[in-house]
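Inspection log for the structure reproduced underneath, given as structure tokens.
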Amino acid sequence: MSAGIGQDIQRAAAILSEGDLVAIPTETVYGLAANAFNADAVLRIFQVKERPAFDPLIVHVHGMEQLERVVATVPPEAEALMRAFWPGPLTLVLPKSPRVPDIVTSGLDTVGVRMPAHPLALELLRALDLPLAAPSANPFGYVSPTTAQHVADQLGEKIPYILDGGPCTVGVESTIIGWEDGLPVLYRPGGLALERIEEVVGTVRPHVKQVLPVAPGMIESHYAPRKPVLVGDVDRFLREHADERCGVIAFRNVHDAWQCETLAPNGDISEAARRLFGVLRELDASAADLIIAERFPEEGLGRAINDRLRRAAAKR
Ligand code: AMP
Ligand code: MG
């Protein structure tokens, strides 16, 4: 049986409250959601995605009252960030409430939380009044979905319902911020520029502590199409692969290649981020032999784009 697709909030809420899964739209990417307080429902997320149990989920809330049921404390810096950027593409890693089952956080005593800026996601969270654990709605390790159709293509046979909120407006996952020794650290660059976060909390350092119980590099390969991906000097790669069909991903330039997808001819980095995953999927499904991508400016959303491309290119 394949998933229903539509805008029926009541149907989505009913399915979720019965302990089943629904794919939901957010401004970043589509999520595969379950009631965060129901450990059996959350286990289904890991099964459907074939996601390893050591990779914790982000919990989605519709506001501060709901947040207080999920976290143990809200430090002042976290509150300042929420006030500035929620709802929006910013996940905060905070001490967890004992009510959140261990499976959600992979046994960590912290939980990643965010308030999504998507009207349907917020309406659903309010109707249900349960926090939703939701990673991206794709098989583990593959490119994240930015349309309901992307979700249907890969998980359509495994879940009952996809809430269709149109194409994602941000298009890359949330920026994840936590605290080490009381100082803010970056766990993942994403849809909210680090520069904007630093305007609120000052310098944010790269995280140094190994939080996830994995060997370094184990989830280095991620967001990855099936085809080989090369990132960097496009002209050199095109010369080296002159006899192959090369699908190129460029920021504003056009390259003379078998296919070239220029993400944002006008130089708008937000537009480039919004289109990135869709273009990766298209080229993966095309007759291209390999995918070659430019490196983007290492600032603003360019940081998140480079991170995703680097991991798409990492050897499995
Ligand atoms: P996603 O697959 O987009 O839902 O992203 C989930 C990611 O959030 C995980 O892979 C972790 O990198 C990060 N994350 C979630 N919870 C935590 C946590 N408690 N501590 C550190 N990172 C977390
Ligand atoms: Mg993911």
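The values are calculated or read from the model by the stated rules, or taken from the named source; none is laboratory data. The structure presented is a predicted model; accordingly, all values stated were derived computationally and were not measured. No Cβ is skipped: glycine too gets one built from the backbone with ideal geometry, and neighbour counts run over all protein chains shown. Remember, those area values only see protein heavy atoms, side chains included, never the ligands or the DNA or RNA. Shrake-Rupley method; radii C 1.70, N 1.55, O 1.52, S 1.80 Å.
Overall, the anisotropy analysis places region 102-159 in the oblate class: the square-rooted eigenvalues a ≥ b ≥ c of its C-alpha gyration tensor yield a/c not less than 1.5, with a/b not exceeding b/c. Remark on V71: its backbone amide H falls under 5 Å from those of S97, a criterion applied only to residues 5 or more positions apart or on other chains, H modelled at 1.01 Å from N. With each label modelled as a point 7 angstrom along the Cα→C-beta vector, the E18-L43 pair spans 1.9 nm. Annotation for region 234-283: trypsin sites (Lys or Arg not before Pro) lying in DSSP loop with at most 15 further Cβ atoms inside 10 Å of their Cβ are R245, R252. In this structure, R11 and R99 have a Cβ-Cβ separation that, at R0 = 30 Å, corresponds to a calculated FRET efficiency of about 0.70.
How far apart, in nanometres, would the label points at D129 and M64 be if each is projected 7 angstrom from Cα along the Cα-to-Cβ direction? Roughly 1.9 nm, to one decimal. Entry note, the chain: relative contact order of 20 percent, from Cα contacts under 8 Å with a spacing of 6+ residues. For the pair A287 and E79, the difference between a 0.36 nm per residue extended length and the Cα-Cα distance amounts to 70.0 nm.
Here the dipole of region 89-202 is about 200 debye; that uses its Cα centre as origin and unit charges on the Cβ of Lys and Arg (positive) and Asp and Glu (negative). Within the accessible area of region 52-91, the carbon and sulfur atoms contribute 60%, probe 1.4 Å, all protein chains present. For region 16-88, GluC sites (Glu not before Pro) are listed when DSSP marks them as loop and at most 11 other Cβ atoms sit within 10 Å of their Cβ; the list is E18, E50. Stretching S221 away from R245 to a fully extended chain increases their span by 6.3 nm, per 0.36 nm per residue minus the current alpha-carbon distance. Compute the distribution of all C-alpha to C-alpha distances in the chain, in bins of 10 Å from 0, and list the percent of pairs in each, rounded to whole numbers. Percent of pairs per bin, in order: 6, 27, 35, 23, 8, 1. Close amide H pairs (under 5 Å, H built 1.01 Å from N) link C260 with V248, residues at least 5 positions away or on another chain. Between region 139-174 and region 35-72, the alpha-carbon centres lie 17 Å apart. Evaluating 6.51 cos²θ - 1.76 cosθ + 1.60 at θ = phi - 60° for every residue in region 168-173, the Karplus couplings come out as 5, 7, 9, x, 10, 5 Hz, glycine and proline recorded as x.
Mind running the shape call on region 39-127? Use the C-alpha gyration tensor, a ≥ b ≥ c as the square roots of the eigenvalues: rounded below 1.5 for a/c, prolate if a/b tops b/c, oblate otherwise. Because a/c hits 1.5 or more and a/b fails to exceed b/c, region 39-127 counts as oblate. Remark: the N253-E198 segment gains 16.7 nm on full extension, using 0.36 nm per residue and subtracting the alpha carbon distance.
Annotation for region 1-110: chymotrypsin sites (Phe, Trp or Tyr not before Pro) lying in DSSP loop with at most 16 further Cβ atoms inside 10 Å of their Cβ are F54. For V111, the residues whose amide H sits under 5 Å from its own are L94, K96, ignoring neighbours fewer than 5 places away on the same chain, with H placed 1.01 Å from N.
Per residue, the accessible area of the chain comes to 42 Å², computed with a 1.4 Å probe over protein heavy atoms only.
GNM remark for the chain: springs join alpha carbons under 10 Å apart, and the peak mean-square fluctuation among S270, S221, S286 falls on S286.
Under the classification rounded if a/c is under 1.5, otherwise prolate if a/b is larger than b/c and oblate if not, where does region 191-316 fall, given a ≥ b ≥ c as square roots of the Cα gyration tensor eigenvalues? Oblate is the answer for region 191-316, as a/c is 1.5 or above yet b/c matches or exceeds a/b. Label-to-label distance for E50 and E298 is 3.4 nm, based on points extended 7 Å past Cα in the beta-carbon direction. A cut-off under 14 angstrom between Cβ atoms defines the neighbours of A34, and their net charge, with Lys, Arg +1 and Asp, Glu -1, is +1.
Under a model in which nothing but the beta-carbon of Lys, Arg (+1) and Asp, Glu (-1) is charged, the chain shows a dipole of about 360 debye around its Cα centre.
Applying 1/(1 + (r/R0)^6) with R0 = 51 Å to the Cβ-Cβ distance of N266 and M1 gives a FRET efficiency near 0.70.
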